[in-house]
Amino acid sequence: MRVLFDWGPAGADAVAAEASVVAVVDVLSFTTTLTVAADRGIAVRPYPWHDETAEDFARRHDAVLAVGRRAAGPGQISLSPATVARSTGVRRLVLPSPNGATISARLAAGATVVGVSLRNAPAAASWVRERLGDRGTVAVVASGERWPDGSLRPAVEDLWGAGSFLHHFVRGTAPGLTPEAGAALAAYRMVADDLDAALRDCVSGRELHDLGFPQDVATAAEAGASEAVPTLRDGWYVTDRSAPVIPPGDVPVRGMGHPRRRP
């Protein structure tokens, strides 16, 4: 068993080609919102940020298109997990985001991809372990955030989310972890006893609080609250515990668009 770890879209491209499973982590907020949707039986299409085809795609697939957090009006769904929790009658959701969704869309034609947040890290780790046993390569990708110039801003909450997945995956021991994966594991274990406070105090948590979305941070801190394991199948994240692991293969690179720092 080998366990790799890297950051952002370029890191995803670097590690995914040799992986049997890729765990994409975007705690604030794509994969947290994804697990809330999965809990409600909603299929989610990860879509690149600022892609002009999203509206037409959602219409053709009878899906709801999520909007930016600050652009959402009453009854609309956005990247805020609270809007998904309040929704009714939604079966398919097209969910663009500059980080987790964009990375997921890049990886859709390659290895098995699972969406991981703090809410479902134990369930996702168990799902992957059941399918791989003690063989194969797992890649964990912390999505990170974006500086205004589009460059990667490592986000500590994604490091913790990746570490939480690894904590439950290795079951106390850490054979096969690269030093980078081991660092993510150690970072999570440092804050595991007080995740709520750590998420509130990190840069992204303070940013969401200042924008008026403290509940998004609270939802992200619901460690282990979800048993759903969203898995990419035909480009959609669906919860299917019978889904097989796809052998590693070439991963096409898609355009990144023009991401903002905080949608």
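Computed over all pairs of different Cα atoms, the Kirkwood value for the hydrodynamic radius of the stretch 1-135 is 15.4 Å. By the Stokes-Einstein formula, at 0.890 mPa s and 25 °C, the chain with its Kirkwood radius over alpha-carbon pairs has D equal to 138 µm²/s. Helices in the chain, meaning DSSP H runs of at least 4 residues, each add -39500 (n - 2.57). Divided by all residues, the mean residue ellipticity at 222 nm is -11000 deg cm²/dmol. Rounded to the nearest 20 debye, the dipole magnitude of the stretch 2-239 is 560 debye, with +1 charges on Lys and Arg beta carbons, -1 on Asp and Glu beta carbons, and the Cα centre as origin. Over all other residues within a Cβ to Cβ distance under 10 Å of Ala223, the charged ones net out to -1, with Lys and Arg as +1 and Asp and Glu as -1. Counting Lys and Arg as +1 and Asp and Glu as -1 over every other residue whose Cβ lies under 9 Å from the Cβ of Asp39, the net charge comes to +1. Counting only Cα atoms, the size of the stretch 98-180 along its three principal axes is 41, 27, 24 Å, in decreasing order. All other residues whose Cβ lies under 9 angstrom from that of Asp62 are scored, Lys and Arg at +1 and Asp and Glu at -1, for a net of +4. For the chain, the residue among Gly75, Pro98, Gly136 whose Cα projects farthest onto the positive side of the dipole built from Cβ charges is Gly75. For the stretch 166-241, the set of trypsin sites (Lys or Arg not before Pro) satisfying both a DSSP loop assignment and a count of at most 16 other C-beta atoms within 10 Å is given as Arg171, Arg241. Label separation (Ser126 vs Met1): 1.5 nm, computed from points 7 Å beyond Cα along the C-beta direction.
Throughout, read-outs are computed from the coordinates displayed, never taken from laboratory work. Small disclaimer: the values here were computed from a predicted structure and weren't measured. Note that we place each Cβ from the backbone using ideal geometry, even for glycine, and neighbour counts take in every protein chain shown.
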